[in-house]
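K.L.:
Below are the C-alpha cells for one structure; questions will follow.
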Amino acid sequence: MSGAAYAERDPLRIATVEILKARTFLAVPMLKDTELVGVIVIYRQEVRPFSDRQIELVASFASQAVDRDREHATAQELRQRTDDLSESLEQQTATAERAQGHQPLDVRSADCA
C-alpha cells in the first residue's frame, strides 16, 4: 500500500489501514485477455511481505476464476442457443404441419369403436 496514498488521505487507503488494520497488502488483477474484470485482494495485519509462492498462488486463483467465468458464460450462451433452436424447430414443425393440412390427432375425440 502506498504511503503517499495514505498521506494524501485517500478514503480507500484510510479505511484499509484504520478499519481493517491492514499493514501488508496484495492485489492481483483478474484479466480476461487485456480487460480487467476484477481483483483479488488479500492483506495482513502485520508488516510481513507475501512470499513468491503465496503471490503465485493468488495469481493462479485469479487466472482460474477468470477461466471459470468464461466457461460459465460459454455454457449459458450454449443453453440459450439450444433453447432458441428448439423453439424455432417447434415453430417450423407446426407451420409445416399446417401447410400440409395435417392436424394433430386428438385422441380424446377419436372414435375407437
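K.L.:
Which count do you get for residues in region 15-45 that are in contact with a Leu (Cβ under 8 Å, 6 or more places away or on another chain) and in a loop (DSSP other than H, G, I, E, B)? Spell out the reasoning first.
P.N.:
Step one: of region 15-45, the residues in contact with a Leu (Cβ under 8 Å, 6 or more places away or on another chain) are 29-30, 37, 41-43, 45.
Narrowing the set further to residues that are in a loop (DSSP other than H, G, I, E, B) leaves 45.
The qualifying residues number 1.
K.L.:
Restricting region 46-88 to residues that are among the basic types (Lys, Arg) and assigned to a helix (DSSP H, G or I), which is nearest to Thr16 (Cα to Cα)?
P.N.:
Arg53
K.L.:
Please work out which residue is modelled with the lowest pLDDT, limiting yourself to region 44-68 and to residues that are of a type in the set (Lys, Arg) and farther than 16 Å from Ala27 by Cβ.
P.N.:
Checked region 44-68; the qualifying residue modelled with the lowest pLDDT is Arg68.
K.L.:
State all residues of region 16-43 that are of a type in the set (Val, Ile, Thr), in contact with a strand residue (DSSP E or B) (Cβ under 9 Å, 6 or more places away or on another chain) and surrounded by fewer than 12 Cβ atoms within 10 Å (Cβ to Cβ); if no residue qualifies, say none.
P.N.:
Correct list: Val39 only.
K.L.:
Same structure again: Just one of Glu46, Glu77 is loosely packed, with under 10 Cβ neighbours inside 10 Å and either acidic (Asp, Glu) or touching a helix residue (DSSP H, G or I) at 6+ places or on another chain (Cβ under 8 Å) (or both); which is it? Spell out how you get there, then give the answer.
P.N.:
Working: Glu77 fails: loosely packed, with under 10 Cβ neighbours inside 10 Å.
On inspection, the qualifying residue turns out to be Glu46.
K.L.:
Could you please let me know if Leu12 is in a strand (DSSP E or B), aliphatic (A, V, I, L, M), within 30 Å of the chain's Cα centre (by Cα) and at negative phi?
P.N.:
Spelling it out, it is not the case that Leu12 is in a strand (DSSP E or B), aliphatic (A, V, I, L, M), within 30 Å of the chain's Cα centre (by Cα) and at negative phi.
The values are calculated or read from the model by the stated rules, or taken from the named source; none is laboratory data. For clarity, every value in this text was computed on a predicted model and none was experimentally measured. Positions of Cβ are generated from backbone atoms using ideal geometry, with glycine treated the same way; all protein chains shown enter the neighbour counts.
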